[in-house]
Amino acid sequence: WDPATANPVGAGSSAEYGDIFDIMGEGPVPAGHFNVQAKQMLGWLPAADWADATARGSGLYRLQRFDAADATGQRAVRITKGSGEYYWIGYRQNFPANPSLLTGVNLLWQKPGQSRCWLVDTRPLSPAGKEDAGLAMGRTYSDAAAGIHLTPVARGGDSPNEWIEVRVFIGSSPSM
């Protein structure tokens, strides 16, 4: 998604194949993998391996990386933004030179009635373009209108079992 304003999911336009980390965008081989929403839609990420945060509610979610074939466990979180509209969170580690992904999460937006999603550039006005799109450790992404607040707070593990913990708050204020 190419936002026209500072709001990462506000007015803007679709950048077809514009996810620079996804193999269907500009993601390089072999680092680029389908995103978590696409893997879920294709049946490559079974229901047991992703959580519905809207159903479970606010809290801490531990995600395993999703871009290693032998990684296991929960690898995605989906959060309802509106009717048929979602955020998807995943943890990419195949881009070690990218600090926003290495120590943060990949955030996607699935619009209502769409089977695909768009990369959310969490720093849309940055001169780095989408290179720093990931939500870096300790930074909070807030969609105040939807009452969704996300903050990566810890990471660890060894390859292929790297993990990240993301604090998800659903409500009017990100204080927990």
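Rounded to the nearest 20 debye, the dipole size of segment 86-176 about its Cα centre is 200 debye, using +1 on the Cβ of Lys and Arg and -1 on the Cβ of Asp and Glu. Between Met41 and Ala55, the contour length at 0.36 nm per residue exceeds the Cα-Cα span by 3.1 nm.
What you get for the chain, charging only the Cβ of Lys and Arg (+1) and of Asp and Glu (-1), is a dipole of about 420 debye around the Cα centre.
Can you give me the C-alpha center-to-center distance between segment 134-170 and segment 16-86, rounded to a whole angstrom? When both Cα centres are located, 13 Å separates them.
For the chain, with all protein chains present and a 1.4 Å probe, just round the carbon and sulfur fraction of the accessible area to a whole percent.
54
Highest mobility in the GNM of the chain, judged by mean-square fluctuation with C-alpha springs under 10 Å and restricted to Ala71, Ala144, Ala154, is found for Ala144.
Cross-link reach is defined here as a Cα-Cα straight distance under 21 Å, omitting same-chain residues fewer than 8 places apart; for Lys39 the lysines meeting it are Lys81, Lys111. As a length-normalised measure over Cα pairs under 8 Å and 6 or more apart, the relative contact order of segment 1-80 settles at 18 percent. Checking the a/c ratio against 1.5 first, then a/b against b/c, what shape does the Cα gyration tensor give for segment 1-99? Oblate, since a/c reaches 1.5 and b/c is not below a/b. Computed per residue of the chain from DSSP H runs no shorter than four, each worth -39500 (n - 2.57), the mean residue ellipticity at 222 nm is -1500 deg cm²/dmol.
The modelled label-to-label distance between Thr5 and Val29, using points 7 Å beyond Cα along the C-beta direction, is 4.1 nm. Solvent-accessible surface of the chain, taken per residue with a 1.4 Å probe and all protein chains present: 44 Å².
The values are calculated or read from the model by the stated rules, or taken from the named source; none is laboratory data. Here the structure is a predicted model, which means the values were calculated and not measured. All Cβ positions, even for glycine, are placed from backbone atoms using ideal geometry, and neighbour counts span all protein chains on display. Areas reflect the complete protein model, heavy atoms only, side chains present, ligands, DNA and RNA absent. Shrake-Rupley method; radii C 1.70, N 1.55, O 1.52, S 1.80 Å.
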